[in-house]
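Shown next, in structure tokens, is the structure this report addresses.
The values are calculated or read from the model by the stated rules, or taken from the named source; none is laboratory data. These numbers were taken from a predicted model, which means no experiment stands behind them. As a convention, Cβ positions derive from the backbone with ideal geometry for all residues, glycine included, and neighbour counts pool all protein chains shown.
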Amino acid sequence: MKEYNMILKEKAKKALHKKAAYGSDLELSASVSDQKEQPLESLDNLDKRIKEVSLLSGMITDETKRSGSFYQKGDSVIYEKVQEAYSGKVEIMKIEDALQKHSWLQEYWWQMVPVDMDKYTAQVELLGRGGYFIRILPGAKVDKPIQSCLLLDESGSSQRVHNIIVAEEGSQAQIITGCTVSPDIKNGFHLGVSEFYIKKGAELTFTMVHNWAEDFHVRPRTGILVEEDGSFINNYLLLQPVRSIQSYPRAVLAGKRSKVRFNTIVYGQGQSELDLGSLIELKGSGTTGDSISRALGTEQSNIIMRGRLKAYNNKARAHLECRGMLLSTEAVMDAIPELSVVGAPEADLTHEAAVGPVDEEAVEYLMSRGLKQDEAVSAILQGFMHTGIKGLPEILEETLSKIFSNMSEKVI
Amino acid sequence: MLEIIDLKVKAGQETILKGISLKIPKGETHILLGPNGSGKTTLLKVIMGMGSFQITGRILFDGEDITDLPLDERARRGIGIAMQKSPVVPEVTLGGLLEMIQEKHGNGKLEERIEALNCHYLLKRGVNENFSGGEMKRSEMLQLIAQNPKFVLVDEPESGVDLDNIVVIGEALKSLLKPPREIDKSRSALVITHTGRIMEYLNADKGYVLVGGQIVCSGNPWDLFEEVNKHGFEGCLTCGRCSHEGV
């Protein structure tokens with residue numbers, strides 16, 4: 001194990017200056033904060049302003065509606081708890097503790113994301129602290145969501161986390177995770193490596209909400225392995241301004257009949273540079289994939305929506321959909337769908353990409369039913385961005401409604 | 001209820017309507033006949049306040065001049081339209097739109113009407129998204145019923161639909177204009193028809209023939225329809241039985 005770790009460190013060191021394949025290149029500080037945060041007895045003890053931003057990222061303090069919670073502030077894990085009713089069904093802990101507890105976890109460590117992918121994965125390996133380990137035990141049906149929040153509370157600070165999520169055979173669960181900053185924070189960066197292992201017949205829905213600050217850089221790195229009859233749904237919401245995000249999760253459908261769906265909702269504001277997408281590799285027989293993106297570009301935002309489907313099996317089927325609306329003459333939007341078939345002539349891959357304005361005829365039609373112009377635009381924008389994400393906390397639904405209602409004023 | 005005075009409409013350089021005047025009193029249904037391109041749909045759109053046209057003349061509704069009133073204000077005053085070709089709005093479900101309409105106009109429970117118009121299975125779909133001709137017309141009727149307008153504009157409700165759907169749509173229009181229990185006799189309508197089939201369901205009071213942007217004939221709608229069937233619309237220009245003035 002030590003030897004394996006040495007190899008990882010060596011690889012990471014060599015990749016410390018390796019640029020990423022996509023996104024603007026960042027010169028990152030290598031400094032690590034020594035600040036230690038005190039653990040919490042209860043999520044209710046969170047500072048009021050922190051509580052508010054956490055809520056907007058889907059983290060609720062009423063834990064009766066959750067099966068378990070994880071909270072990391074800066075580099076310190078301040079809360080981790082599995083509700084009693086879910087003991088024996090779910091494990092939640094800091095990644096370092098999980099590696100100590102489960103020696104087998106080493107086999108999952110940097111398996112779906114290469115440690116030397118780029119300078120950001122390298123920094124996570126060499127300087128990383130914290131991140132969560134969430135495991136849903138075999139056969140467990142977890143009816144209430146598991147929640148986690150990763151928060152930065154200091155301007156100029158950084159977070160480098162490594163998360164591992166294992167949905168064991170036949171398990172079912174939903175995770176809502178928020179990545180956010182406290183209200184007065186201006187700049188900083190977040191690097192997050194997440195590796196998902198969806199075992200035979202397991203079903204996992206993972207909803208990630210990103211709420212950052214205007215001068216913040218984010219580089220998530222995600223890999224997902226889905227085994228036979230496994231199912232993984234990834235919902236991603238970006239609703240606040242950010243300086244830059246580049247993310248390109250890769251899902252490998254290895255097992256027969258395994259499936260994945262990416263739903264991405266992006267609201268580009270300010271001078272946000274957003275380069276988002278996903279790669280689905282369909283390897284098993286009968287595998288299916290969907291990658292659905294909706295983006296709104298306002299102000300001077302610059303959005304790239306990527307997506308790639310890669311089929312290796314004749315009985316694979318997948319669809320990619322990138323749709324965007326540009327609501328500003330200063331915003332830029334690119335939709336880049338890619339299909340790739342490797343030696344599987346019967347594989348069925350399709351894509352659809354469209355960038356356009358709000359349809360004036362549709363607005364007029366709704367107005368002929370008595371809706372005011374802003375109500376009509378808001379209804380269209382809301383419907384446009386709604387890709388069927390279920391189970392969002394009410395507060396997030398409300399936030400989405402408010403955002404669309406405000407946005408309609410910008411369109412008119 | 002509705003009065004149009006010397007309405008002239010241009011789209012860019014093209015003159016579409018050349019001085020239309022007509023009156024539709026409370027509780028009456030009037031029929032509009034005319035060849036393709038004569039300006040029938042434009043007239044309905046202009047009354048509703050849709051599209052970008054240059055307009056002169058006046059449109060009065062319940063005595064109020066609504067010529068410059070925004071579209072949504074007209075809808076809230078009680079004017080409703082069922083379009084011949086309505087746009088696809090994939091972002092809004094039919095069920096969602098009906099809820100919004102009901103919030104605005106509050107026309108009680110719609111379950112029976114949804115049933116009668118066989119629209120259950122369409123409620124979760126985007127408005128007009130992959131709807132057939134019949135589905136689109138039934139959805140239009142349902143929206144109108146939810147809207148509960150005082151004045152109804154209907155553009156070729158029978159076009160592109162099969163006979164079964166004409167019956168469903170015709171019955172819905174009939175009950176909208178003349179409710180069975182005659183609770184509300186005040187509803188008026190202007191209906192465009194090409195085939196005349198929809199007239200079997202309407203107790204229409206008056207008809208107009210619109211040719212080249214002008215009303216060239218008016219009178220009993222069945223008589224007009226018969227004349228048009230016999231002599232075509234061109235016959236209306238030469239028959240001389242009705243004056244173009246004051247129709």
Only listed residue being under 30 Å from B:GLU226 (Cα atoms), free of Cβ contacts under 8 Å to residues at least 40 places away in the same chain and hydrophobic (A, V, I, L, M, F, W, C), chosen from B:ILE192, B:ILE166, B:ILE114, B:ILE145: B:ILE166
Residue under evaluation B:ASP72, criteria (1) surrounded by fewer than 21 Cβ atoms within 10 Å (Cβ to Cβ); (2) among the acidic types (Asp, Glu); (3) within 11 Å of another protein chain (Cβ to nearest Cβ), criterion not met: (1)
Test result for A:VAL113, assigned to a loop (DSSP other than H, G, I, E, B), surrounded by 16 or more Cβ atoms within 10 Å (Cβ to Cβ) and touching a residue at least 40 places away in the same chain (Cβ under 8 Å): yes
Those residues of segment A:353-374 which are more than 7 Å from chain B (Cβ to nearest Cβ) and either aromatic (Phe, Trp, Tyr) or touching a Ser or Thr at 6+ places or on another chain (Cβ under 7 Å) (or both), in sequence order: A:ASP374
Residues located in segment B:220-242, provided they are free of Cβ contacts under 8 Å to residues at least 40 places away in the same chain and under 10 Å from B:ILE31 (Cα atoms): B:ASN220, B:TRP222
Subset of segment A:119-128 [surrounded by 19 or more Cβ atoms within 10 Å (Cβ to Cβ) and over 19 Å from the mean Cα position of the chain (by Cα)]: A:LYS119, A:ALA122, A:GLN123, A:GLU125
Unmet criterion (only one of (1) crowded, with 19+ Cβ neighbours inside 10 Å; (2) more than 30 Å from A:THR61 (Cα to Cα); (3) out of contact with any Ser or Thr (no Cβ under 7 Å at 6 or more places or on another chain)) for A:GLU346: (1)
Flag for A:SER328 being within 29 Å of B:MET100 (Cα to Cα) and not assigned by TED's automatic domain parsing to the domain that holds A:GLY277: no
In segment B:50-62, the residues that are within 14 Å of chain A (Cβ to nearest Cβ) and closer than 15 Å to B:LYS18 by Cα: B:PHE53
Sole residue being among the β-branched types (Val, Ile, Thr), surrounded by 22 or more Cβ atoms within 10 Å (Cβ to Cβ), in contact with a Cys (Cβ under 9 Å, 6 or more places away or on another chain) and at pLDDT 95 or above, chosen from A:VAL226, A:VAL218: A:VAL218
So B:LEU176, is it buried (at least 16 other Cβ atoms within 10 Å of the Cβ) and modelled with pLDDT of 90 or more: no
Neighbours by Cβ (under 6 Å, 6+ apart or cross-chain): first from segment A:1-28, closer than 22 Å to A:PRO249 by Cα; second polar (S, T, N, Q): A:TYR22/A:GLN246; A:GLY23/A:GLN246; A:SER24/A:SER244
Conditions (1) in a loop (DSSP other than H, G, I, E, B); (2) under 30 Å from B:ASN220 (Cβ atoms): number failed by B:GLY51: (2)
Enumeration of residues in segment A:358-412 that are in contact with a helix residue (DSSP H, G or I) (Cβ under 9 Å, 6 or more places away or on another chain), at positive phi and modelled with pLDDT under 90: none
Wholly within segment B:79-158, helices (runs of 4 or more DSSP H) carrying at least 2 residues that are of a type outside the set (Ser, Thr, Tyr) and facing chain A (nearest Cβ under 9 Å): B:94-105, B:133-147
Tabulated pairs, segment B:33-49, first within 14 Å of chain A (Cβ to nearest Cβ), second of a type in the set (Ser, Thr, Tyr) and surrounded by 24 or more Cβ atoms within 10 Å (Cβ to Cβ), C-beta under 9 angstrom, 6+ apart or interchain: B:MET48/A:SER368; B:GLY49/A:SER368
